[in-house]
1. Per residue, how much accessible area does the chain have with a 1.4 Å probe, in Å²?
2. Considering only protein heavy atoms, with the full assembly of protein chains and a 1.4 angstrom probe, order SER251, SER93 by accessible area, largest first.
3. Could you order HIS452, HIS69, HIS410 by accessible surface area, starting with the largest, using a probe radius of 1.4 Å?
4. Just grab the label-to-label distance for ARG82 and ALA345, each label 7 Å out from Cα along the Cβ direction, in nm (one decimal).
5. Restricting the count to DSSP beta bridges whose residues both fall in the chain, what percent are antiparallel, rounded to a multiple of 5?
6. Can you return the aspartates and glutamates within cross-link range of LYS253? Criterion is Cα-Cα under 16 Å, with same-chain partners fewer than 8 residues away left out.
7. If you wrap a convex hull around the C-alpha atoms of the stretch 212-394 and split its volume per residue, what is the figure in Å³?
8. If I histogram all Cα-Cα distances within the chain using bins 20 Å wide from 0, what percent of pairs lands in each bin?
Amino acid sequence: MQQLQKQRDFFNTQQTKDVEFRKKALKRLQQEIIVREDDICDAIYADFKKPKFETLAAETQFVLGDIKHTLKKMSLWAQPQRVSASLMNWPSSDFIYKEPYGNVLIIAPWNYPFQLAIAPLIAAVAAGNTAVVKPSEVTPNTAKILSEIITASFKPEHVTVIEGGVETSQELLAQKWNYIFFTGSSRVGKIVYESAAKHLTPVTLELGGKNPTIVDETASISKAAKRIVWGKFLNAGQTCIATDYILVHQSVKDKLVHALKKSITDSYGQNIEKSTDYARTVSHTHYLGLKQMLKGQELLFGGETNDEDNYLSPTLVNEPKLESKLMEGEIFGPILPIISYETEADIEKHINNYGKPLATYVFSNKKSFQKKIIAKYSFGGGAINDTLIQITNKKLPFGGVGASGIGSYHGKASFDLFSHHKSIIKKSNWFEAPLRYPPYNLPIKFVKKVKHLF
Ligand code: NAD
């Protein structure tokens, strides 16, 4: 592949090792995004009617904040980090050098099509790598503007966009990369992992999952409803860390359902289809898949559709059967199943029915319950008494575990992710302890104490 060969040759020139070179490149990207912010909003709106507010907050301003923070901190992050030396090597000084991997491939999904292509790119460039970005074909207008912005910001031998669908993605995956960063479904994540294994290429897999939100009998119900509705119906439910299903204590279920309905109406009005704050399902295929999930379910609210526009209104489903299509895997749309529980054993039964989720949320005013859920269940990350907000703190690494992914990023974690950590000991010449060299004259009883020197 020609583009990759050019990037390999460019990486070998060592130019990306210069932190100032990287900063200049990121500043050009920053400028392009600022200048084209409205065009980006228009492109994503053309793809699936994402409200401008949501694009600004969760896509453009999100990555601009990321660039600003990275520009401020990257010189520090890139410096060799001194660590204390072990007695064994005395006298020495010991360091961790951050080395770019080389040529990186970034494969992005469609749901936050700008953020999820640019955020890993910022880190890949900051850490001194070259990159090929493959945007999702499902959001073609965003793919086009991503290509324009990246072309205007970088030389193609440094960073380039290759647009295309599954075939293009597979062609890219067949090449030898030094790092692959993939965001998307678990199904495709496995394909990526398998392709990477052929070349022993390290990967980050940012995948999805079936994220539970637990509401116990002590929760502040109206606040819980407001925060669940916001996190679930933002981007029309197409958010990897959105609530997939609610587990609510049976004693507060009716109250919660009432509050959820009220929150939906408060947010989007009586005629949700007309609301400018509500996005559409991304494609007709995805829309039909969601409609299929609703077959045979008891609806508590919503369920309105419009085939012309891939419109599915915020929908609440009552007690779905576990073996139904809706509860088989990740929903990834504006459908919210509500399941009641009586005991903590019921919660366990539901959560353990799926692989480790990307997020879990707990609404409770009981500290012991909050603590128990965090300690007992394994999941990527989450929040107590809110949803989604764990993604907004740069100091919190973001990523999945088990079925929801491998590796995590954001802030310094992103820079570290795209850097090989090279351990170096600088040994002094002024003293030489003869003990390690043959002939081994040190009495065995002393060798048995060597553990204290490591
Ligand atoms: P997807 O896996 O269908 O596609 C992602 C990318 O992989 C696209 O660029 C696509 O072209 C490519 N691709 C698709 N099929 C392929 C194949 N057979 N071989 C090689 N490449 C292929 O995912 P999507 O539908 O774009 O995104 C939705 C999924 O992404 C959800 O599961 C969601 O939870 C997950 N997601 C995770 C995060 C996260 O940060 N963990 C963020 C957003 C979305």
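1. Values: 21360 Å² over 454 residues.
Result: 47 Å² per residue.
2. On the way: SER251 80, SER93 25 Å².
Ranked from most to least accessible, the order is SER251, SER93.
3. Details: HIS452 130, HIS69 50, HIS410 10 Å².
The most accessible residue leads, giving HIS452, HIS69, HIS410.
4. With each label placed 7 Å out from Cα toward Cβ, I get 5.9 nm.
5. Working: 21 of 56 bridges.
Expressed as a percentage, antiparallel bridges in the chain total about 40.
6. Reachable aspartates and glutamates: ASP216, GLU217, GLU298, GLU319, GLU342, GLU344, ASP346.
7. With only Cα atoms used, the stretch 212-394 gives 115 Å³ per residue.
8. Percent of Cα pairs in each bin: 23, 49, 23, 5, 0.
The values are calculated or read from the model by the stated rules, or taken from the named source; none is laboratory data. Note that the coordinates shown come from a computational prediction; the quantities given were computed from them, not determined experimentally. Positions of Cβ are generated from backbone atoms using ideal geometry, with glycine treated the same way; all protein chains shown enter the neighbour counts. Accessible surface areas use protein heavy atoms only, side chains included; no ligands, DNA or RNA. Shrake-Rupley method; radii C 1.70, N 1.55, O 1.52, S 1.80 Å.
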